[in-house]
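In what follows, a structure is listed as structure tokens, so that the remarks can point back to it.
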Amino acid sequence: MALADPSHRRKEIEAMDSIVPIINIAPFLSGAEGSDEVVAEIGRACEEIGFFVVVGHGITKDVIDAVWSKTLDFFDLPLEAKEAMITDNEATYPYGYSPLGGETLSRGKQVDLAAKKADTVQASAGDLKEMFSIGPSNPAAGMPARRWPQHPPGFDSAWEAYYENANGLAQNLLRAFASALGLEASWFEGKSARHISALRANNYPDQKDLVIQEGSIRCSAHTDYGTLTILKSGGPGLQVSKDRENPVWHDVPFVEDGFVINLGDLMRRWTNDRWSSTLHRVVNPPPNEAWGRRMALAFFHNLDKDAIVETLPSCLSEARPALYDPIVAGDFLMLKHLASIGKAEEDAHLRRRVTDQVATSTVPVAVNAQ
């Protein structure tokens, strides 16, 4: 297809140069020739960087367009209407609306606390985004019933359809993950029949009329919580770093019809650190470029709350014994959440075995938060 817009050509070049690969998963989804090669590509990406972009994913344009349109309409509502969706108790309903600057993800990351002064300022400044999120609809998941805004009409049905499609893609990716790890393709299926996955929309407003606090960026550096994240992005700005100390940042290619996939800390722990949960952030537009508004939809796949996570058998050997004790998935997510708000030690959720001479955490945890 001819690309008349020079900016599209620039993005194409950036994609070719990126350390984040673009993978067509259609052969794997259909079982066609080339399926094994797709699994091998995914395995390499998970081991080397923990990020990849998928195309040929099977989610139809009408499902994406519907949720995208309704979500833009929601964020365009008056602030008062959106604030009606702020949870009255995050412990009992960890979803809903969060206003601009209401979250700083880097608060729970050691890299920001130990980094240079600019990053220290960044960690104290609220992220330049507003958000809306929901949890699962299945009562057996043990999470509260979804709460929907009254406007715009059709918002709930568009989100429900997208949530189910994203979960279907997550299940297919987990089949590929299992195969890449030398397990039966169905290995992960019994762990997420009552999953507590969440869908979140992030709206990053145009910055031309914003007063930007020193060090504040669109989304501060962090890693994700669970097994994997499926991100639909509306523009550039996402960056990754393989290094947690003195990070070197690389742009993630923006592919209009693709989804960005990244691993969460739970998958890193599950694979005994064989696979990576990679630090990432969303930066502000460069001074000489007008990116305008950016929106993104993130589906965070999580397991059943009571699923036991212990090192996968294919990730164990005499030379590589288990680095982590078994943990309940819900407890793991709560530890990550507590660390993100400064109520648990940094990386408490990745505390290694006592045999590594690391003290165990004494923080009490619950299992009903994402």
* Asked: Would it be correct to say that Thr227 is open to solvent by less than 40 Å² (accessible area, probe 1.4 Å) and closer than 20 Å to Ile134 by Cα?
  -> yes
* **Ser241 being without any contact (Cβ under 8 Å) to a residue 60 or more places away in the chain, more than 21 Å from Ala322 (Cα to Cα) and hydroxyl-bearing (Ser, Thr, Tyr)** => yes
* **Among (1) in contact (Cβ under 8 Å) with a residue 60 or more places away in the chain; (2) surrounded by 17 or more Cβ atoms within 10 Å (Cβ to Cβ); (3) touching a Ser or Thr at 6+ places or on another chain (Cβ under 9 Å) - the single one Gly182 does not satisfy** => (2)
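Being closer than 25 Å to Gly235 by Cβ, of a type in the set (Gly, Ala, Ser) and either modelled with pLDDT of 95 or more or over 22 Å from the mean Cα position of the chain (by Cα) (or both) narrows it down to one residue among Ala180, Ala201; which is it? Give the steps one after another, and end with the answer.
Values: Ala180 fails: closer than 25 Å to Gly235 by Cβ.
One residue alone meets the criteria, Ala201.
For residues that are closer than 26 Å to Ser197 by Cβ and open to solvent by 10 Å² or more (accessible area, probe 1.4 Å), tally how many sit in segment 211-223. Please lay out each step first, then the result.
Filtering segment 211-223 for residues closer than 26 Å to Ser197 by Cβ gives 218-223.
Filter once more, so that each one left must be open to solvent by 10 Å² or more (accessible area, probe 1.4 Å): 222.
Of the residues in that region, 1 qualify.
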* To do: Being more than 16 Å from the chain's Cα centre (by Cα), surrounded by fewer than 18 Cβ atoms within 10 Å (Cβ to Cβ) and under 20 Å from Ala296 (Cα atoms) narrows it down to one of Glu245, Glu256, so name that one.
  => Glu256
* **Residues (of a type in the set (Asp, Glu) and free of Cβ contacts under 8 Å to residues at least 40 places away in the same chain) located in segment 187-207** => Glu189
* In segment 1-47, what residues are of a type outside the set (A, V, I, L, M, F, W, C), assigned to a helix (DSSP H, G or I) and at pLDDT 95 or above? -> Pro27, Ser30, Ser35, Asp36, Glu37, Glu41, Gly43, Arg44, Glu47
* To do: Can you tell me which residue within segment 185-210, out of those that are in a helix (DSSP H, G or I) and among the acidic types (Asp, Glu), is most open to solvent (accessible area, probe 1.4 Å)?
  => Asp209
* To do: Please name all residue pairs, on different chains or six or more residues apart, with Cβ atoms under 9 Å, provided the first residue is in segment 154-169 and is farther than 20 Å from Ile25 by Cα and the second residue is of a type in the set (Phe, Trp, Tyr) and open to solvent by 30 Å² or more (accessible area, probe 1.4 Å).
  => Phe155/Trp148; Asp156/Trp148; Ala158/Trp68; Trp159/Trp148
* Structure fact -> Counting only residues in segment 267-294 that are at pLDDT 95 or above and either open to solvent by less than 10 Å² (accessible area, probe 1.4 Å) or aromatic (Phe, Trp, Tyr) (or both), the one nearest to the chain's Cα centre (by Cα) is identified as Met267
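Name the residue, out of Thr311, Thr229, that is assigned to a loop (DSSP other than H, G, I, E, B), among the hydroxyl-bearing types (Ser, Thr, Tyr) and on the phi < 0 side of the Ramachandran plot. I'd like the intermediate steps shown before the answer.
Details: Thr229 fails: assigned to a loop (DSSP other than H, G, I, E, B).
Being assigned to a loop (DSSP other than H, G, I, E, B), among the hydroxyl-bearing types (Ser, Thr, Tyr) and on the phi < 0 side of the Ramachandran plot holds for just one of Thr311, Thr229, which is Thr311.
The values are calculated or read from the model by the stated rules, or taken from the named source; none is laboratory data. Bear in mind that the values here come from a model prediction, so they are computed numbers and not experimental data. As a convention, Cβ positions derive from the backbone with ideal geometry for all residues, glycine included, and neighbour counts pool all protein chains shown. Please note that ligands, DNA and RNA were not included when accessible areas were found on the heavy atoms of the full protein model with its side chains. Shrake-Rupley method; radii C 1.70, N 1.55, O 1.52, S 1.80 Å.
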